[in-house]
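Just so you know, all these numbers are worked out from the coordinates, no wet-lab data involved. Predicted model, so just to flag it, every value in this text is computed and none were measured. Cβ placement follows ideal geometry from the backbone for every residue including glycine, while neighbour counts extend to all protein chains displayed.
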Amino acid sequence: MSTTRHLVNRRRRLATTAARTVTAPAAEPTATRPGTAGHDHEAEHPPPGTAPDSDASGANGSPLEAGAAAGKASGGEDGDAGPDKDAGPGGDTAPASSARVRRLPVILCLLTVLLGGFAAYAATQAASLRDDPATRNTALTDIARTSEVKGAATKAVEAVFSYDFADPEALDRAVRTHLTGEAVRRHTTMLAAVREQGPKQKLLLTTTVTESGVERIDGDRARVLVYADQSNTRTAPAKNADGAAEDERTYAAAMLAVDMVLTDGSWRIANLDTLGAGS
């Protein structure tokens with residue numbers, strides 16, 4: 001019985017020794033893998049139960065390295081294996097995009113405020129320019145209208161400040177034609193003495209405009225400065241110290257400021273002031 005067990009154990013030891021002898025040459029190339037010959041032998045005769053090396057096995061044939069290489073080749077399909085396709089430098093694209101989105105409304109608000117402020121400033125400046133008398137004064141720009149006003153003022157002043165005792169009604173017609181409003185009252189006061197003494201002394205009053213200038217024109221109103229020479233002649237006989245009859249004539253210069261208004265298509269004097277006179 002013991003002899004039989006002894007034979008069986010011996011056979012097992014011989015079988016194990018034979019198996020080690022057979023497998024030893026196949027394991028040797030693995031130990032000498034850095035060599036070229038061992039690598040070629042392993043590639044030609046892979047161990048039983050293992051697949052030949054493929055491109056996915058990596059440089060050293062390690063399964064972990066093969067998995068890493070496969071992950072790189074797939075472009076990070078796992079989500080954690082590689083950076084996002086839209087990632088910027090440092091892979092922080094999502095926060096940067098969110099920051100840009102948050103900044104955009106702020107920038108638009110600032111632009112709106114700036115444009116609104118500029119619009120208000122421009123409107124204020126335009127209103128101030130429109131309200132500026134110098135800007136509204138078309139006498140500086142409208143030559144035709146300025147000439148029209150000057151002509152009307154000259155004609156009116158010469159008509160209402162001239163008197164002929166032989167035709168006193170001419171003065172009344174001139175007043176109705178060329179004067180309006182306050183100017184009628186002012187004219188009546190200024191020429192009261194002429195109207196009273198004219199028929200008695202046979203007065204002739206002649207006014208000639210020598211110069212005029214339009215100070216301003218604002219719509220249908222204008223102000224004109226007028227320089228005029230006046231000649232007053234008394235034709236009633238008068239006796240001198242010797243008892244001889246003689247005519248009496250006087251001269252004077254006048255400067256007037258007349259305010260004119262456009263009424264029914266014609267310019268009329270609405271007010272007048274005497275600025276100075278000399279003889």
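Listed highest first by mean packing, meaning other Cβ atoms within 10 Å per residue, what order do 178-187, 153-162, 196-205, 8-17 come in?
Final packing ranking: 153-162, 178-187, 196-205, 8-17.
Name the long-range amide H neighbours of residue 253: under 5 Å, sequence gap of 5 or more, or other chain; modelled H, no Pro or chain starts.
Correct list: 230, 278, 279.
One quarter of the convex hull surface, Cα atoms only: what value does that give for the range 152-231 in nm²?
Mean orientational projected area (the range 152-231, Cα hull): 5.4 nm².
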